[in-house]
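Single-structure report; data block below.
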Amino acid sequence: MKEEKGHPVVPRQFLTVFAALVSCFALWGLLNNMTDNLVPAFQKIFMTSQSTAGYVQISFYGAYSVIAIFASLLVQKAGYRCGVLVGLGVYVIGALLYVPACIAQSFWLYIAGIFIVAGGCAVLETTCNPYVLALGDPSTAVRRLNFAQMFNPVGSLAGILLAQQLILANLNPATADERAAMAPDALNAIVNRELFWVCVPYVGLCAIAAAIWMFFFFSKRSSVDEAAAGPADFKAIISILAHSPKWYLGVVAQVFYVGVQIAAWTWMNVYCQKELGVTPKDGATYYLIAIVAFIACRWVATFAMKYVNPAALMAVFAAAAVCCSLGVMYIPTRVIFVAGGLPFSWNVICLIAMSGFMSLMFPTIYGIALGGIDQRAHKIGAAGLIMAIVGGALLTPWMAAIIGDASSVWTRLVPMFSAEWDTNLKLSQMSLRASFVVPAICFAVVLAYALAFRGGSAGGRNRHG
């Protein structure tokens, strides 16, 4: 890769390992975004409430808070390569659990499978992020991580396409009321078919996970991996992290960022259904467009970081995202054009643009938080930043609670919109719009963090260790 001040972003001897790690970034991005689409799918299949369907996200992102610290201890003891092998293996076990969940038509068995799949992702993220930081000179670490993270939304895009074409496209159009009135045998046949198509992509991805697993299993242990393994002075590590405000405030910022990403993407489909009257499948197309915006902006931001301070750039993006959140809440739905049979309004454009502005936040917060910290603290510090992904389990239910409560105090923020209850989507226009106060708050926290540390080194000049 391109040289920077005499140092390549990825040294030649690490290119093959880096490429394999990039495939892991794409894999968990794919899984994250397929899981987002399980919320509306399970709500329809199992005829659950918004809050109950939200257990999908609680299970997936809650697993990160439980597993990440154990993953960091594993990497500390056995090295990065072992962490990748364990993460991929756990994913395969969780995905295969979808098969008995389908046969039993069990929502809670699916939740268990989702938790195990997420556990595998947590191990991978805890391992792969610091692994990438270590594959080269510290002066290029932030740019190297941002480059690897650019492939995460590529996987996300694939996840949305798989969910749209295999899961959402195979949902029966019958409403909740129509399903409740069906004969048990007829409903059972519909649910069996729908759950089969939920299983197909998850189980099919086991082959890809197995191929990556085989690469790492048969690859030689590198000098970077050997350096990663060994005893740790936990007292010294805790002291280092406790005296690093960039790190512990970065964990807080990461909780809110991941929370807003998952919450906003989870309810994007529902927002488009309610405001524009589109189907769940068409709603996934808006999600697809949002991910394309996310990918494009991340590539642009990664290039810009060579010239612009990453924290300053993130502050601009966060401020724009706050404005977009307010647009989603307050701009009336008036269709301004139709493209490809899909209507677009300014509030929905704000919803899509929000994804573009959040694109650089995860790797930038990660890089800033670990920048300049003693290398001894990187693995445990990385675990804290990955555990922050629990924000998806904390903030998605908060948003769901606002959406599902027609008399919530938050609805006073948008009194100009309809309070009429939609029995199919189980929300009102007022409660749905009010829920986007959550993204506004989250982006404001990220903005505060970016402004607090905007004086740090720019782009690839951040140093680690």
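Each value in this text was obtained by applying a stated rule to the coordinates, not by laboratory testing. Please read all numbers here as calculations on a predicted model, not as lab measurements. Positions of Cβ are backbone-derived with ideal geometry, glycine not excepted, and every protein chain shown enters the neighbour counts.
Brief remarks follow.
- Estimated distance in nm for a label pair at MET182 and PHE218, the labels positioned 7 Å out from Cα along Cα-to-Cβ: 4.6
- Centroid-to-centroid, using Cα positions, region 278-323 and region 58-134 are 27 Å apart.
- Stretching the chain fully between ALA339 and ALA296 yields a gain of 13.5 nm (0.36 nm per residue, less the alpha carbon separation).
- Pairwise label distance in nanometres, ALA19 with ALA78, each label 7 Å out on the Cα-Cβ vector: 2.7
- Dipole of the chain, positive direction: furthest Cα of GLY83, PHE234, GLN165, with charges on the beta-carbon: PHE234
- Cβ-Cβ FRET estimate between LEU109 and PHE303, R0 fixed at 45 Å, reported to 0.05: 0.50
- Ranking of ASP233, ASP422, ASP36 by neighbouring Cβ atoms within 10 Å, starting from the fewest: ASP233, ASP422, ASP36.
- Contact order relative to length of the chain, as percent, for alpha carbon pairs under 8 angstrom and 6 or more apart: 25
- Per the Debye calculation on region 148-197 with a single equal scatterer at every Cα and no solvent contribution, log₁₀ I(q)/I(0) for q = 0.15, 0.22, 0.25, 0.28 Å⁻¹ amounts to -0.53, -0.79, -0.90, -1.00.
- Prolate/oblate/rounded call for region 106-172, Cα gyration tensor, a/c under 1.5 rounded: oblate
- Computing Rg and the Kirkwood Rh from the Cα coordinates of the chain gives a ratio, Rg/Rh, of 0.97.
- Cα centroid separation, region 139-203 to region 237-273: 24 Å.
- Three-way shape call for region 143-289 based on the alpha-carbon gyration tensor, with the a/c threshold at 1.5: prolate
- Cα shape, region 270-324, gyration tensor, a/c 1.5 rule: oblate
- Remark: TYR307, TYR287, TYR98 ranked as TYR307, TYR98, TYR287, counting other beta-carbon atoms within 10 Å and listing the fewest first.
- Estimated FRET transfer efficiency (ALA236, GLN165; beta-carbon r; R0 45 Å; 0.05): 0.30
- Placing unit charges on the Cβ atoms of the charged side chains and taking the dipole of the chain about its Cα centre, the candidate lying farthest along the positive direction among ALA180, PRO40, GLY381 is GLY381.
- Residues in region 174-201 that a label on THR423 would reach, taking backbone N under 20 Å of a point 7 Å out along Cα→Cβ: 174-184, 187
- Contact order, relative form, for region 163-280: 20 percent (alpha carbon pairs under 8 Å, 6 or more residues apart, mean separation divided by residue count).
- PHE196-VAL316 FRET efficiency (beta carbon distance; Förster radius 45 Å; 0.05 resolution): 0.45
- Neighbour counts of C-beta atoms inside 10 Å place HIS378, HIS7 in the sequence HIS7, HIS378, starting with the fewest.
- The lysine pair count for the chain, using Cα distances under 13 Å and pairs eight or more places apart or on different chains, is 6.
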